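Only one structure is covered here, and it is reproduced in the block below.
The values are calculated or read from the model by the stated rules, or taken from the named source; none is laboratory data. Keep in mind that this is a model prediction, so the values were computed, not measured. Because the Cβ atoms are built from the backbone with ideal geometry, glycine has one as well, and the counts that use them run over all protein chains shown.
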Ligand code: B12
Ligand SMILES: Nc1nc2c(ncn2[C@@H]2O[C@H](COP(=O)(O)OP(=O)(O)OP(=O)(O)O)[C@@H](O)[C@H]2O)c(=O)[nH]1
Ligand SMILES: [Mg+2]
């Protein structure tokens, strides 16, 4: 099947920032009149994903240095001739829905460099900080850049969210054991693939947290086959630890490749479709299809590998279920009269 | 019985004029004519490129060379500035901060070449870096290293130029960024503590010399329109400083604990509506710092009536000088001792301020001190918040500003009526001239010597030698301001200060106007398909961030998505951000007078990116005549200080975006 995308694909794939910006604007657009264009572009993107791509999520409490770390990673990757697309998400004000998008101030890059692109997003009303169309935006960056980075302010819930959206999750924590305990207690310990303690320059606390965490890891030993989370100490202000971090990222990507990355990505796709479905059809829709687990099962059975396929499959199921329900109602009416 | 009348009339305070523009040669002319008229000291204003360590031909200097001060690139400029002015007899104040060590080295070298004895030189370096991050904006390096440089300048001066004031701790700028009296007290005292602690830690002065370091600390304060409270504030400063010197630094000699301060009265509250009213404001503000004999200012600088219009002309400055002279020489003020000693009302207010400031100071110290409270954004956020509250109160009428939000109807003022420009403008041609003299200078100097001196500078810094000492050889060798700063930039890196706008949560306004705007934004969002996104940009070296911050916070509070990256961006960076972020509108805030150069440049960079239709709104000090002259179709609206109703501004921005997308806001629901 050939799809004609509603954007200049040559310019897009060449990394022309004007084309990238235009495509992102389109994918963010919620107007019904552009929905079919959005669908077409998304479908095209999911069929044209770049083979060697790496999608990295960076999450952690406010002010821990996520954007500053991204800045160092950008410096590193550009030196190694890799291109980077970045999405930074900031919380929206619950009062007005407005947002101050302040991450890019910390991410240094040359305005004339076509190899770096940063788009800031407001979280909107979404719990966990990922807006519904984030999947589409990531698909786009993945198609254009070697490396895609997603920054979210994360405490608890959003770590799970981000895990559905990226290949590698980096959790950044403040030095100092207070945060650490919190971290281990909250049970999100299993999710991040790489744990970073940033601000290593801020005294001894950093080194201490580093060893505590490393030790904790030993006790948390999992299956040999599982990925063993890596603990890293960095200082974004002094540019320390980023070679190690980059190596760890490579290691994880290799590990994923050796462990059926395609399957993982499909699973992630279903998770994001589930989120999207819930946003569109609400609790009523979920119940119609028999709850979240059942929805995932439906997707698994369909083995959908593009958002389009997945959505179509769910849509068909919903219509069928609706029809059944309507029939039941009609039957009831007949019986009543 | 206490003395009720002084036997001898008090000496009047020092009256200064802060000046400098175009070139060293032209400023030299100006200073010489002022000195000939009997002025005793000089107060030098440097242009923004000099203050931020860029040479005149650096891309960042575009539009700023010689505009708001004198360009000072090398020893030749410094010698020219003091041509036929005997530096040995001068008292020179230099408003210079991040590159203070360099300008000091240039000054000392030029003075030695005039055969002056360095140890006898008198003057002041502002050299207060922390308030640059919070308000003034001419910082370069990260806070920790900047503190070290500042402490080295102080150490050098105490050892070698003992009559020099090596630092002026400024609370002036904090009030200009919205600080309340309590914040002014607490933040600047925390700053002074950070400076003294740093000098101590650096260890370039002996323990025995330390009390004289404390004795050399002077302050530069602000005085606002609520002059009774302001008077109590300076008394509280006096009390608290004495306490800190004694309790924290154990300075026994009361003379070394004296609170010495100069003042510039509040300019933030001066308006461009009925600007003649500013004269009354300036006088009442001055009262706060001269009425009380116990804590009277040692020097006073007054802004001019046309402050909010543009740079003052000579006559405007003269009028302000006369306001001081009349108070000092015609009235009987200086014949009496302190008028308020024993007043229970004043004592109570002073006590309230002292207590509140002590508590806030304690909070900052517990946070890790002033440097920590800058890096984590605490102080900056508090300032933006106070300023937002101040503006909100003017908008909703709780705070009266005569001629602005009350008693607005009036006669036309002959001071401005029919005049295109009732202020000073510096010719754009100055820039090209300065660039060519600089390039000629670079040609004729010995390049090998320059390299050698810069290497020695870096090595000296690595070896922990005093920065002023190692900079003197650079001055002699013909190093330029940009080169000196670049050498240190390469070693220390650059810094972007927290903007103070994020993480700020203001109490929601209850006024219906606010809700109406929120509703309007929501309606437009639905029509646009994505949320209204605005980029607020500050192109060039202009550090006036208040307006941009307040617009950013307000835009967020009415539901817009706001991209704001702080000060000091190139036009290209701004255009690039607009593209990458997919914004619907750009707001540029420019108060430094460089708009005629920078706005067309931003517009050109936007066009290069296919964004020539993106609507632009401007704000700041931008004269009508210039808007007409620039004639850029994308510029839809220009806001001035008089447009104090932020809800109205937001309302209009929504309309501008709607129009750009051919959306009729009257349509639909
Ligand atoms: C406060 C102030 C300062 C503070 C700035 C603090 C800060 N972080 O902002 C301090 C004390 C640090 C300062 C320093 C200097 N200042 Co000053 N300063 C002022 C002053 C008094 C008020 C500006 C202000 O903040 N107003 C309050 C804000 C809220 O108003 P506003 O910015 O005008 O914004 C309103 C509108 O313009 C509009 N708006 C503004 N931006 C935007 C953006 C958008 C998108 C929109 C929609 C609307 C909008 O909406 C706002 C709401 O009403 C003005 C004079 C005056 N009264 O205007 C001089 C003034 C701007 N400063 C001046 C000068 C020369 C300096 C210095 C360069 C002096 C020197 N040589 O060292 C320094 C250096 C500063 C630097 N790094 O660039 C000159 C500029 C001259 C010129 N343009 O030709 C002025 C005009 C004073 C004068 N007459 O000489 N200054
Ligand atoms: N000392 C030190 N400070 C750092 C380091 N990394 C970041 N910072 C500082 O920490 C502050 C926050 O940094 P950001 O990079 O904006 O942190 P963030 O996690 O992206 O913050 P949010 O996006 O607001 O959640 C800034 O003032 C940085 O300069 C570090 O390694 N050491
Ligand atoms: Mg961030």
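Which residue pairs have Cβ atoms closer than 6 Å, lie 6 or more positions apart in sequence or on different chains, and pair a first residue in segment A:246-264 that is more than 13 Å from residue A:227 (Cβ to Cβ) with a second residue that is surrounded by 12 or more Cβ atoms within 10 Å (Cβ to Cβ)?
Taking only residues 6 or more apart or on different chains, the pairs are A:246/A:76.
Give segment B:584-600 a look and list any residue that's touching a helix residue (DSSP H, G or I) at 6+ places or on another chain (Cβ under 8 Å) and near ligand 1 (Cβ under 6 Å from one of its atoms), or say none.
Once the filter is applied, which keeps residues that are touching a helix residue (DSSP H, G or I) at 6+ places or on another chain (Cβ under 8 Å) and near ligand 1 (Cβ under 6 Å from one of its atoms), segment B:584-600 yields B:587, B:589, B:591, B:592.
Of all residues being within 15 Å of ligand 1 (Cβ to nearest atom) and outside any helix (DSSP H, G or I) in segment B:361-396, which is nearest to the other protein chains (Cβ to nearest Cβ)? Just the residue, please.
The residue in question is B:377.
Might you let me know whether segment B:57-70 holds any residue that is without any contact (Cβ under 8 Å) to a residue 60 or more places away in the chain, closer than 17 Å to residue B:125 by Cβ and in contact with a helix residue (DSSP H, G or I) (Cβ under 8 Å, 6 or more places away or on another chain)?
yes
I'm trying to understand the selection: among the residues of segment B:633-644, which are surrounded by fewer than 17 Cβ atoms within 10 Å (Cβ to Cβ) and either within 14 Å of ligand 1 (Cβ to nearest atom) or touching a residue at least 24 places away in the same chain (Cβ under 8 Å) (or both)?
B:642, B:643
Restricting attention to segment A:50-61, does a residue exist that is assigned to a helix (DSSP H, G or I) and away from ligand 1 (no atom under 16 Å from the Cβ)?
no
Residues to consider are A:15, A:102, A:85, A:63; find the one that is assigned by TED's automatic domain parsing to the domain that holds residue A:236 and more than 16 Å from ligand 2 (Cβ to nearest atom).
A:85
Among (1) surrounded by 14 or more Cβ atoms within 10 Å (Cβ to Cβ); (2) within 14 Å of another protein chain (Cβ to nearest Cβ); (3) within 30 Å of residue B:388 (Cα to Cα), there is one condition residue B:529 misses while meeting the rest; what is its number?
Of (1) surrounded by 14 or more Cβ atoms within 10 Å (Cβ to Cβ); (2) within 14 Å of another protein chain (Cβ to nearest Cβ); (3) within 30 Å of residue B:388 (Cα to Cα), only one is false for residue B:529: (3).
Taking residue A:274, is it more than 28 Å from residue A:72 (Cα to Cα) and touching a residue at least 60 places away in the same chain (Cβ under 8 Å)?
So residue A:274 does not fit the description; no.
Restricting attention to segment B:84-143, which residues are in a loop (DSSP other than H, G, I, E, B) and surrounded by fewer than 18 Cβ atoms within 10 Å (Cβ to Cβ)?
Residues satisfying the conditions are B:84, B:85, B:86, B:88, B:89, B:114, B:115, B:117.
I'm told residue B:574 meets every condition in (1) within 16 Å of ligand 3 (Cβ to nearest atom); (2) touching a strand residue (DSSP E or B) at 6+ places or on another chain (Cβ under 7 Å) except one. Can you identify the failing condition by its number?
(1)
Which members of segment A:73-107 meet the condition of being free of Cβ contacts under 8 Å to residues at least 40 places away in the same chain, farther than 22 Å from residue B:559 by Cα and within 13 Å of ligand 3 (Cβ to nearest atom)?
Selection gives A:106 alone.
Counting only residues that are more than 7 Å from chain B (Cβ to nearest Cβ) and in contact (Cβ under 8 Å) with a residue 40 or more places away in the chain, how many does segment A:108-118 have?
3
How about segment A:47-65: which of its residues are more than 15 Å from the chain's Cα centre (by Cα) and touching a residue at least 60 places away in the same chain (Cβ under 8 Å)?
A:47, A:48, A:49, A:50, A:52, A:61, A:62, A:64, A:65
Which numbered condition trips up residue A:78, out of (1) in contact with a helix residue (DSSP H, G or I) (Cβ under 7 Å, 6 or more places away or on another chain); (2) away from chain B (no Cβ under 14 Å); (3) more than 28 Å from residue B:378 (Cβ to Cβ)?
(1)
Out of B:541, B:618, which single residue is under 21 Å from residue B:384 (Cα atoms) and either within 9 Å of chain A (Cβ to nearest Cβ) or assigned to a strand (DSSP E or B) (or both)?
B:618
If you go through segment B:551-606, how many residues are within 12 Å of chain A (Cβ to nearest Cβ) and outside any helix (DSSP H, G or I)?
Total satisfying the criteria: 16.
Are any residues in segment A:143-153 away from ligand 3 (no atom under 16 Å from the Cβ) and in contact with a helix residue (DSSP H, G or I) (Cβ under 8 Å, 6 or more places away or on another chain), and if so, which ones?
Within segment A:143-153, A:143, A:144, A:146, A:147, A:148 meet the criteria.
Scan A:45, A:27, A:12 and give me the residue that is buried (at least 19 other Cβ atoms within 10 Å of the Cβ), at the interface with another protein chain (Cβ under 10 Å from one of its Cβ atoms) and farther than 30 Å from residue A:176 by Cα.
Exactly one of A:45, A:27, A:12 is buried (at least 19 other Cβ atoms within 10 Å of the Cβ), at the interface with another protein chain (Cβ under 10 Å from one of its Cβ atoms) and farther than 30 Å from residue A:176 by Cα, namely A:27.
Working carefully through the options B:614, B:588, find the one that is touching a residue at least 24 places away in the same chain (Cβ under 8 Å) and surrounded by 23 or more Cβ atoms within 10 Å (Cβ to Cβ).
Sole residue among the options that is touching a residue at least 24 places away in the same chain (Cβ under 8 Å) and surrounded by 23 or more Cβ atoms within 10 Å (Cβ to Cβ): B:588.
Return yes when residue A:70 is within 16 Å of residue A:120 (Cα to Cα), away from chain B (no Cβ under 13 Å) and part of a helix (DSSP H, G or I) and no when it is not.
Yes.
Taking residue B:305 and the conditions (1) part of a helix (DSSP H, G or I); (2) more than 16 Å from ligand 2 (Cβ to nearest atom); (3) modelled with pLDDT of 95 or more; (4) touching a helix residue (DSSP H, G or I) at 6+ places or on another chain (Cβ under 7 Å), which numbered condition does it fall short on, given that it satisfies the others?
So residue B:305 meets the others, but not (1).
Could you check segment A:281-309 and list, in sequence order, the residues that are assigned to a helix (DSSP H, G or I) and touching a residue at least 40 places away in the same chain (Cβ under 8 Å)?
Answer for segment A:281-309, where residues must be assigned to a helix (DSSP H, G or I) and touching a residue at least 40 places away in the same chain (Cβ under 8 Å): A:307, A:308.
Limited to segment B:266-283, what total is found for residues that are within 12 Å of ligand 1 (Cβ to nearest atom), assigned to a loop (DSSP other than H, G, I, E, B) and closer than 21 Å to residue B:624 by Cβ?
4
On the basis of being more than 8 Å from chain B (Cβ to nearest Cβ), buried (at least 21 other Cβ atoms within 10 Å of the Cβ) and over 22 Å from residue B:573 (Cβ atoms), does residue A:64 make the cut?
So residue A:64 passes the test.
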